[in-house]
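J.: Dumping the structure here so I can ask a few things about it.
The values are calculated or read from the model by the stated rules, or taken from the named source; none is laboratory data. For clarity, every value in this text was computed on a predicted model and none was experimentally measured. As a convention, Cβ positions derive from the backbone with ideal geometry for all residues, glycine included, and neighbour counts pool all protein chains shown.
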Amino acid sequence: MSHRKTLLAASIFAGLCFAGTLYAQDTTQTTSAPAAVPASQQSEQQAEKANAKQLSTVTVVGIRASLQQSMDTKRNADAIVDAITATDIGKFPATNVAEALAQVPGVTLDHLFGATQRVSIDGIDPSLNLSYLDGHPVAQALWLYGDSPNRGFNYSLLPAEILGQLEIFKTPEARLPEGSLGGTVFMHTVQPLDVPSNTLSGTFGANYNDMTDKNRPNGSVFYSWHNDSKTFGVDVSAQHYEQDTSRQGQEIFSYTPVSAISAVNPLIAAEVASGQLKNSDQMPTEINSANFEQIEKRNSIFVNIQYKPNEHFDSTLSLMYMNDSLNNINTSLYPIAGFNYAGITHLTANGNGVVTSGTQVGTPCFEATSCTSTADTFEDNDARASYIRTKGVDWRGTYYGDGWRLGGQIGVSTSNNVISQAFKEIYYGGGFNWSIPNGFNFTNLATANNPNYWADNDFGGNIGYKPYHARDSYAQIDFSKDFDGFINELLVGARYASHWESQSLLIYRGVPNMTLNQIGYGGLTNLQGASSIGLGGSSVSHVQTCGYNCIFNAVLNNGPLSANDPVDYWDNTFNVQQQNTAVYGQANFGTDNLHGNLGLRWVKTQTNSYGYYVPSSCQVAGADGLVPWDCNFTNGTGYIGVQTTRYNWLPAFNIAYNLTPDFILRGAASETVAYAPYNELAPFFEANDTVLTATAGNPGIKPYRSINGDVSAEWYFNDQSVIAFSGFYKNVLNYVTQETTPETHENGSWGTLYPGPTGAQLVANGMCTVAGVCTYQVTAPVNGGRAKVKGAAISYQQAFGDSGFGLRANYTYSDSRTVETIQGANWLPYNSKNSYTLAPYFEQGPYSASVSYNYRSKYLAGGYVAGATSAYTASYKELDASAAYAFNKNFSVSFDMLNLLNSVYKQYDGINNTMLLNEYVSGREFMLEAHFKF
């Protein structure tokens, strides 16, 4: 089956490469003025310059015209800017905005969950790059249970159909909002007075993932109307989108030194003595077979109401509503060699310090919910309900006087999600052998594949509820005045922005122990994705429950649950409000060949952080194994708040010189700030009570501060054609790093872990006392000092005359260094030293097609379990393709193919790629869509 799919993908790709007579559909394409900020901050002079290049009257818009629009925006900017039109998202292979951004030099994507959510700009962590929709932030709640919040924008939650244009400002201007180190992304929706009245367009189709072998529908409709005098207009965009996601692979949870095993196991001690092993060799503690499945269903509606009664006044009211169902189940089957050293009979090392295979003996139990063995295998079943509701309202307007403008913007958006997770963990005590990279296999398949030998083991599971709330509110006012002379415009303004984010966690236990048959047996798995990366045996085929509903039913419908433990609530509750007040002044200057701007922005940042600090006196469990809620918190403990206030002066300078009409030199210097993720600013403590890791907040950390220098040279040598070179340097001060130290804490789950086998083994290994006081490895943010990023990018774009062929290509080199060494290196998180894109296209007649190949080299990425260490992600490549046929100017069809290589996402513990942590595949995705426009 997998071989046939690979051949199919290869055949499709080959057909695209040799396709003849290809072209794009005929449509009427219009975009709003390519503004970096809301209309309130646009001058008439800027608007005239942008409109001079706009293609609003062009009726044939395909790949080449789309690239021309993007190129014109870049060419006319004062700062160093890259742009993408809405047509780019449709004409080049992409399912969301992030994948379209990958065509921009210096932009790299992280594919942890297949669909792209994390976007780096010039080697900077995704959470340090902000994004704005029509000049304002959009609140976003978390969707994944156990994930940590960050300030990066989750582009997978925003429908691409609403957008008219995107711009990436790689160098700031004083008038732009603060908070980004790598770059700021501005997304602009289509305005009703910019398109013909009674414009109606839509897309209907289906997407297919070859790992799930399922189709899902999607559709969108856009309608725009305005009156004959073009003084009042309304547009409405509605979307329904569904996607099946499957991510399969293996994960390794920490490594154990052989010395710990040989000290208590004579067989392993003998292998060390004979030279087969070294005490310094590292053995995978847990190696699993991982299967993440999700069905996403998103509905959204966006409305713009524009009022322009005369040439002096223009205003727009925007309304937004999205609901996104992201229910998922994660199944993790993992034999744990590191739980019971006595059961290990043999280990093999590869000579590079890593144990690559082993054998464990044990005896399974028949229909028993309490089993003791020298081999321990658990299957975690995490069924998660996730439903995000996001809504917002925004008003922006500008009054145009005689050579002056006064504008403003005000609005609010909220996003809420009460994530719930039903958890069942079944157990098998039979023996197994394992190896890297082939996974594991049970010794006795007759018992291992029999559901009667699988059951809860002194722990029936639980259900957790994690309410998550986010709100953004903002207001700004801007004034600009035109002048005759070298200084041609002066801009001043003020902005207030408040962001509030909070979460808590309630976990209810008391679920009765059940056998797999009582939970619901779902047969044996057939994980073809896992097989495609070399896993075999029981890693591919093993018992499973009957799925998402079975897990929720087993947890919720088998008697009353016990009261929740307050330790979980205290450890996972935080509330952070950040208020930014900014004032700026900016002077725009220019002559015939020279233009730019110089400005200064003053920012006051006040942060109010709340979380629980729980003293040890409040962590003593009662007779029921639970810590009581009625703790008498002393002064300075309990729910505490910390307020910090910071002030920053942020200068920005941009200059561009037209050496010839087609050759532009640019330079920029600036100082920028960015802020740590909200949860890191709260005085809280969040623990993983099984692996004894934890994260903690630090309200005292300072904002990142970066001093930046940028240069570029651009040669526009023909229509739709440019060669550009850019260089960048960032000296980042107050860089926030994660520091891990051992701390002693009460185990909040001890009542369910002990005297069960998990708790007993933690006691035996000296990691916990019988009373449940454990040593956690606690990771907390600290200001680690400095980091430096320097690099260069070259991009090339050309349409080859009337041949129909064209090419987009770019390469970025980014070298980063931090003061702190993480696992043997001082890399900056999410920075790839080398990345490039090759995107050839061909269009002629009613046909169009394009291919996109993206590559990024190894990079450091953060962990995704509470307190998990950072991981090095291996180089990643992706091949995508698309094709379209236009029947006429009103109807067309398109076919998109993503991840044709079914690339493997790998992470390692350390820079040398010797100690594997994770490897996943997510499958190829195919989308067939029909489009109409009138």
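J.: For segment 338-355, check the following and say yes or no: at least one residue is at positive phi, surrounded by fewer than 22 Cβ atoms within 10 Å (Cβ to Cβ) and part of a loop (DSSP other than H, G, I, E, B). Talk me through it step by step, then tell me what you get.
T.: Going through segment 338-355, the residues at positive phi turn out to be 351, 353.
In the following step, the residues that additionally are surrounded by fewer than 22 Cβ atoms within 10 Å (Cβ to Cβ) were identified as 351, 353.
Filter again for part of a loop (DSSP other than H, G, I, E, B), leaving 351, 353.
Yes, that holds for at least one residue.
J.: Is there a residue in segment 156-164 that is among the polar types (S, T, N, Q) and touching a strand residue (DSSP E or B) at 6+ places or on another chain (Cβ under 8 Å)?
T.: no
J.: Given the options Tyr657, Tyr639, Tyr612, name the one that is surrounded by fewer than 20 Cβ atoms within 10 Å (Cβ to Cβ), under 28 Å from Ala696 (Cα atoms) and either of a type in the set (Phe, Trp, Tyr) or modelled with pLDDT under 90 (or both). Show your work before the answer.
T.: On the way: Tyr657 fails: under 28 Å from Ala696 (Cα atoms); Tyr612 fails: surrounded by fewer than 20 Cβ atoms within 10 Å (Cβ to Cβ).
Answer to the selection: Tyr639.
J.: I want to confirm something. Restricting to segment 229-275 and keeping residues that are over 24 Å from the mean Cα position of the chain (by Cα) and of a type in the set (Asp, Glu), which single residue is surrounded by the most Cβ atoms within 10 Å (Cβ to Cβ)?
T.: Of everything passing the filter in segment 229-275, Asp235 is surrounded by the most Cβ atoms within 10 Å (Cβ to Cβ).
J.: Still on this structure, I have one more. Which of the helices (runs of 4 or more DSSP H) contained wholly in segment 505-594 include at least 1 residues that are at pLDDT below 95 and within 26 Å of the chain's Cα centre (by Cα)?
T.: Numbers: elements: 516-519, 528-532, 548-556, 566-571.
Helices (runs of 4 or more DSSP H) meeting the threshold: 528-532, 566-571.
J.: For residues that are acidic (Asp, Glu) and part of a loop (DSSP other than H, G, I, E, B), tally how many sit in segment 717-742.
T.: Within segment 717-742, the subset acidic (Asp, Glu) is 719, 739.
Those left that are additionally part of a loop (DSSP other than H, G, I, E, B): 719.
Selection size over segment 717-742: 1.
J.: Name the one entry in Val620, Val614 that is among the hydrophobic types (A, V, I, L, M, F, W, C), over 18 Å from Thr171 (Cα atoms), touching a residue at least 60 places away in the same chain (Cβ under 8 Å) and out of contact with any Gly (no Cβ under 8 Å at 6 or more places or on another chain). Before you say what the answer is, go through the steps one by one.
T.: Values: Val614 fails: out of contact with any Gly (no Cβ under 8 Å at 6 or more places or on another chain).
Of Val620, Val614, the one residue that is among the hydrophobic types (A, V, I, L, M, F, W, C), over 18 Å from Thr171 (Cα atoms), touching a residue at least 60 places away in the same chain (Cβ under 8 Å) and out of contact with any Gly (no Cβ under 8 Å at 6 or more places or on another chain) is Val620.
J.: In segment 725-779, how many are among the small types (Gly, Ala, Ser), modelled with pLDDT of 85 or more, more than 33 Å from the chain's Cα centre (by Cα) and on the phi < 0 side of the Ramachandran plot? If you could, list the steps in order and put the result at the bottom.
T.: From segment 725-779, those among the small types (Gly, Ala, Ser) are 726-727, 748-749, 751, 756, 759-760, 764, 766, 771-772; that's our starting set.
If we keep only those that are modelled with pLDDT of 85 or more too, we end up with 726-727, 759-760, 764, 766, 771-772.
Keeping just the survivors that are more than 33 Å from the chain's Cα centre (by Cα) gives 759-760, 764, 766, 771-772.
Still in the list and also on the phi < 0 side of the Ramachandran plot: 759-760, 764, 771.
Looking only at that region, the number is 4.
J.: Another one. Would you be able to tell me the number of residues in segment 683-716 that are free of Cβ contacts under 8 Å to residues at least 60 places away in the same chain, assigned to a strand (DSSP E or B) and of a type outside the set (Val, Ile, Thr)? Let's see the steps before the verdict.
T.: Pass one, segment 683-716, residues free of Cβ contacts under 8 Å to residues at least 60 places away in the same chain: 700, 705, 707, 709, 711, 713, 715.
Filter again for assigned to a strand (DSSP E or B), leaving 705, 707, 709, 711, 713, 715.
With of a type outside the set (Val, Ile, Thr) added as a condition, the list becomes 705, 709, 713, 715.
Residues in segment 683-716 being free of Cβ contacts under 8 Å to residues at least 60 places away in the same chain, assigned to a strand (DSSP E or B) and of a type outside the set (Val, Ile, Thr): 4 in total.
J.: Restricting attention to segment 396-408, which residues are surrounded by fewer than 18 Cβ atoms within 10 Å (Cβ to Cβ) and in a strand (DSSP E or B)? Steps first, please.
T.: We begin by selecting, within segment 396-408, every residue surrounded by fewer than 18 Cβ atoms within 10 Å (Cβ to Cβ); these are 399, 401-404, 406.
Tyr399, Trp404, Leu406 - these are the residues of segment 396-408 that are surrounded by fewer than 18 Cβ atoms within 10 Å (Cβ to Cβ) and in a strand (DSSP E or B).
J.: While we're on this one: Can you find a residue in segment 415-424 that is surrounded by fewer than 20 Cβ atoms within 10 Å (Cβ to Cβ), more than 23 Å from the chain's Cα centre (by Cα) and modelled with pLDDT of 95 or more?
T.: Scanning segment 415-424 turns up no residue that is surrounded by fewer than 20 Cβ atoms within 10 Å (Cβ to Cβ), more than 23 Å from the chain's Cα centre (by Cα) and modelled with pLDDT of 95 or more.
J.: Within segment 722-747, how many residues turn out to be crowded, with 19+ Cβ neighbours inside 10 Å and either under 26 Å from Ala83 (Cβ atoms) or not polar (S, T, N, Q) (or both)?
T.: 10
J.: I've got another one for you. Within segment 475-490, which residues are under 22 Å from Leu133 (Cα atoms) and either surrounded by fewer than 21 Cβ atoms within 10 Å (Cβ to Cβ) or among the hydrophobic types (A, V, I, L, M, F, W, C) (or both)? Spell out the reasoning first.
T.: Just the residues of segment 475-490 that are under 22 Å from Leu133 (Cα atoms), to begin with: 475-479.
Correct list: Ala475, Ile477, Phe479.
J.: Which ones in segment 619-663 are touching a Pro at 6+ places or on another chain (Cβ under 9 Å), assigned to a loop (DSSP other than H, G, I, E, B) and over 27 Å from Leu681 (Cα atoms)?
T.: Hits for segment 619-663 are Val620, Ala621, Gly622, Leu626, Pro628.
J.: Regarding segment 82-89, can at least one residue be identified that is outside any helix (DSSP H, G or I), at pLDDT below 75 and crowded, with 21+ Cβ neighbours inside 10 Å?
T.: The first filter runs over segment 82-89 and keeps only residues outside any helix (DSSP H, G or I), leaving 82-85.
Subsequent filtering for residues that are at pLDDT below 75 retains none.
Taking every residue of segment 82-89 in turn, none turns out to be outside any helix (DSSP H, G or I), at pLDDT below 75 and crowded, with 21+ Cβ neighbours inside 10 Å.
J.: Hey, another quick one. List the number of the failed condition for Asp402; all other conditions in (1) touching a residue at least 40 places away in the same chain (Cβ under 8 Å); (2) over 25 Å from Ala263 (Cβ atoms) hold.
T.: (1)
J.: May I ask you to say which residue of Ala446, Ala375, Ala385 is surrounded by 17 or more Cβ atoms within 10 Å (Cβ to Cβ), modelled with pLDDT of 95 or more and more than 23 Å from Glu286 (Cβ to Cβ)?
T.: Values: Ala446 fails: surrounded by 17 or more Cβ atoms within 10 Å (Cβ to Cβ); Ala375 fails: more than 23 Å from Glu286 (Cβ to Cβ).
Going through Ala446, Ala375, Ala385 in turn, the sole match is Ala385.
J.: State all residues of segment 356-372 that are surrounded by fewer than 18 Cβ atoms within 10 Å (Cβ to Cβ) and closer than 15 Å to Ile252 by Cβ; if no residue qualifies, say none.
T.: Ser357
J.: I need the full set of residues from segment 378-403 which are hydroxyl-bearing (Ser, Thr, Tyr) and within 15 Å of Leu144 (Cβ to Cβ), in order please.
T.: At the first step, the residues of segment 378-403 found to be hydroxyl-bearing (Ser, Thr, Tyr) are 386-387, 390, 398-400.
Within segment 378-403, Ser386, Tyr387 qualify.
J.: Further question: Would segment 372-383 turn up any residue that is out of contact with any Pro (no Cβ under 8 Å at 6 or more places or on another chain), without any contact (Cβ under 8 Å) to a residue 60 or more places away in the chain, part of a helix (DSSP H, G or I) and under 25 Å from Cys550 (Cα atoms)?
T.: No: segment 372-383 contains no residue that is out of contact with any Pro (no Cβ under 8 Å at 6 or more places or on another chain), without any contact (Cβ under 8 Å) to a residue 60 or more places away in the chain, part of a helix (DSSP H, G or I) and under 25 Å from Cys550 (Cα atoms).
J.: Filter segment 506-531 down to residues that are β-branched (Val, Ile, Thr) and under 20 Å from Ser289 (Cβ atoms) and give me whichever is surrounded by the most Cβ atoms within 10 Å (Cβ to Cβ).
T.: Keep residues of segment 506-531 that are β-branched (Val, Ile, Thr), which gives 507, 511, 515, 519, 525.
Narrowing further to those that are under 20 Å from Ser289 (Cβ atoms): 519, 525.
Working: Ile519: 24, Thr525: 19.
Only one residue fits best here, namely Ile519.
J.: Further question: Just to be sure, is Gln140 touching a strand residue (DSSP E or B) at 6+ places or on another chain (Cβ under 7 Å) and in a strand (DSSP E or B)?
T.: On the way: touching a strand residue (DSSP E or B) at 6+ places or on another chain (Cβ under 7 Å): yes; in a strand (DSSP E or B): no.
Judged against the criteria, Gln140 is not a match.
J.: Tell me yes or no: at least one residue of segment 780-790 is crowded, with 20+ Cβ neighbours inside 10 Å and within 30 Å of Glu743 (Cα to Cα). Spell out how you get there, then give the answer.
T.: Step one: filter segment 780-790 for residues crowded, with 20+ Cβ neighbours inside 10 Å, giving 781, 787, 789.
Those left that are additionally within 30 Å of Glu743 (Cα to Cα): 781, 787.
Yes: segment 780-790 contains one or more residues that are crowded, with 20+ Cβ neighbours inside 10 Å and within 30 Å of Glu743 (Cα to Cα).
J.: Also, quick follow-up: Mind checking which residues of segment 748-764 are surrounded by 15 or more Cβ atoms within 10 Å (Cβ to Cβ), touching a residue at least 60 places away in the same chain (Cβ under 8 Å) and within 21 Å of Thr372 (Cβ to Cβ)?
T.: Ser749, Trp750, Gly751, Thr752, Leu753, Gly756, Pro757, Thr758, Gln761, Leu762
J.: If you take the residues of segment 197-250 that are free of Cβ contacts under 8 Å to residues at least 40 places away in the same chain and among the hydroxyl-bearing types (Ser, Thr, Tyr), which of them is farthest from Leu158 (Cα to Cα)?
T.: Ser229
J.: Still on this structure, please answer the following. Suppose we keep only residues that are touching a residue at least 60 places away in the same chain (Cβ under 8 Å) and of a type in the set (Ser, Thr, Tyr) within segment 886-915. Which one would you say is farthest from Ser531 (Cα to Cα)?
T.: Ser892
J.: On to the next question. For Ile701, indicate whether it is among the β-branched types (Val, Ile, Thr) and under 30 Å from Ile723 (Cβ atoms). Break it down into steps so the answer makes sense when it comes.
T.: Values: among the β-branched types (Val, Ile, Thr): yes; under 30 Å from Ile723 (Cβ atoms): no.
No: the conditions fail for Ile701.
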